[in-house]
Every structure is written in C-alpha cells, then in structure tokens.
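The values are calculated or read from the model by the stated rules, or taken from the named source; none is laboratory data. Since the structure is predicted, the reported quantities are computational estimates derived from the model, not experimental observations. Methodologically, a virtual Cβ is constructed for each residue, glycine included, from the backbone with ideal geometry; neighbour enumeration extends over all protein chains shown.
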Amino acid sequence: MERTYLMVKPDGVQRGLVGEIISRFEKKGLKIVGLKMLRIPREMAETHYGEHKGKPFFGPLVDYITSSPVVAMVLEGKDAVSVAREMMGATNPLKAAPGTIRATYGMDIGRNIIHGSDSPESARREIGIFFRPEELTDYSRAVEGWIYE
Ligand code: IDP
C-alpha cells in the first residue's frame, strides 16, 4: 500500500468544500491515516513549493497557500499517489477532465482547490514536511476485503 499527501487549499476551505473533497477520497476507498487543519507558515510553504522557486507565480503561490488555513491529510491505498492525482485533475481547472475535483469546483490555475503529491518520492517528502510520525495512525478497517480482492 502507498501513501500520498493531499491538502485542501485555502480556497477549498473558504468555499466550504472540505467535506465534499474528503468524502470523494473516502468513497473511493482510500484510507485516511492523518488529518489536520493548519495555517501554513511562510517558510514551510517555501519549502513545500521549493521546486517552483524563481518562477513568476512563486510569490503569489506562497501568498495564496499561507493566506488562510488548509486541511492537510495523508491517504493510504493501492497506487494512492496516481489515484488521487487522477481524481484531482489537471493543474488548470479549465483543462481538467470533467468530473475531477478541479474541473468540478475550480475556475483558475491560481485557485485550484487541492494539492496532491505527484510521485511516491514527493509524497514521502511532503508527508515529512506536514506531519510528525506520531501524527500518522496505523489501523485496519473491516471493510478492506470489500474494497480490495
Ligand atoms: P500541481 O499542483 O498540479 O502538481 P504544479 O505544477 O506542481 O501543479 O504547481 C503547483 C501549484 O502552483 C499549482 O497547483 C498552482 O496552484 C500553482 N501554479 C502552477 N502553475 C501556475 C501558473 O502558471 N500560474 C499560477 N499558479 C500556478
């Protein structure tokens, strides 16, 4: 089983989409192993988005992600990273496939509602930025045999 880092961004929280978004992942069968709300400190945001440092949208991106609380979570499941990315849709909500979270709820690339790790390596890195090991839970669910063959 794989773990991925997901985050409802400030616009998703402000617009009241936290429940809808978590619900989609829960219904899919992904298991929540970590969940919290936080206001991201600027330095943490700069670390998280380090690969975009120097790009024109870096400043506005850090402003956006630190502007209001986010809901951070770690989800676990088979191919969790790619499954969650598929469910999120493309970075630009206007180009995202119909039915995806970004296509359903978003209009603008700078207000695209949700973040999700793009590889298992990024997931490990991002989980390490946002969660202490003791904040992640290890438990089994009775329903597992009805989700996986
Ligand atoms: P991703 O979130 O789909 O993985 P990335 O390319 O890693 O996309 O970009 C990280 C975040 O930076 C995006 O989710 C979006 O919020 C923001 N971003 C990316 N490209 C642009 C842009 O051209 N203008 C404004 N914001 C952007």
Original post:
more than 28 Å from residue 144 (Cβ to Cβ) and at pLDDT 95 or above - does that describe any residue in the range 73-91?
Top reply: yes
**OP:** Could you tell me whether residue 55 is outside any helix (DSSP H, G or I) and either modelled with pLDDT under 95 or in contact with a Leu (Cβ under 9 Å, 6 or more places away or on another chain) (or both)?
**Re:** yes
**OP:** State all residues of the range 119-149 that are within 19 Å of residue 33 (Cβ to Cβ) and charged (D, E, K, R); if no residue qualifies, say none.
**Re:** 121, 124, 125, 126, 132, 134, 135, 138, 141, 144
Original post:
Going through the range 1-49 one residue at a time, which ones are closer than 18 Å to residue 91 by Cα, part of a strand (DSSP E or B) and not hydroxyl-bearing (Ser, Thr, Tyr)?
Top reply: 6, 7, 8
Original post:
With respect to the numbered conditions (1) closer than 24 Å to residue 33 by Cβ; (2) touching a Leu at 6+ places or on another chain (Cβ under 9 Å); (3) of a type outside the set (Phe, Trp, Tyr), which one is the sole condition not fulfilled by residue 85?
Top reply: (2)
Original post:
Out of the range 90-137, which residues are part of a helix (DSSP H, G or I) and surrounded by fewer than 17 Cβ atoms within 10 Å (Cβ to Cβ)?
Top reply: 104, 120, 121, 122, 124, 125, 128, 129, 133, 134, 135
Subject >> Conditions (1) without any contact (Cβ under 8 Å) to a residue 40 or more places away in the chain; (2) exposed (fewer than 14 other Cβ atoms within 10 Å of the Cβ): number failed by residue 57 >> reply: (1)
**OP:** Could you list, in sequence order, all residues of the range 43-52 that are over 17 Å from residue 118 (Cα atoms) and not acidic (Asp, Glu)?
**Re:** 44
Original post:
Hey, among 76, 86, which residue is in contact (Cβ under 8 Å) with a residue 60 or more places away in the chain and not aromatic (Phe, Trp, Tyr)?
Top reply: 76
**OP:** Give 102, 111 a once-over and let me know the one that is within 12 Å of the ligand (Cβ to nearest atom), over 19 Å from residue 126 (Cα atoms), touching a residue at least 40 places away in the same chain (Cβ under 8 Å) and under 15 Å from the mean Cα position of the chain (by Cα).
**Re:** 111
Subject >> Checklist (1) within 10 Å of the ligand (Cβ to nearest atom); (2) in contact (Cβ under 8 Å) with a residue 24 or more places away in the chain applied to residue 49, failing item >> reply: (2)
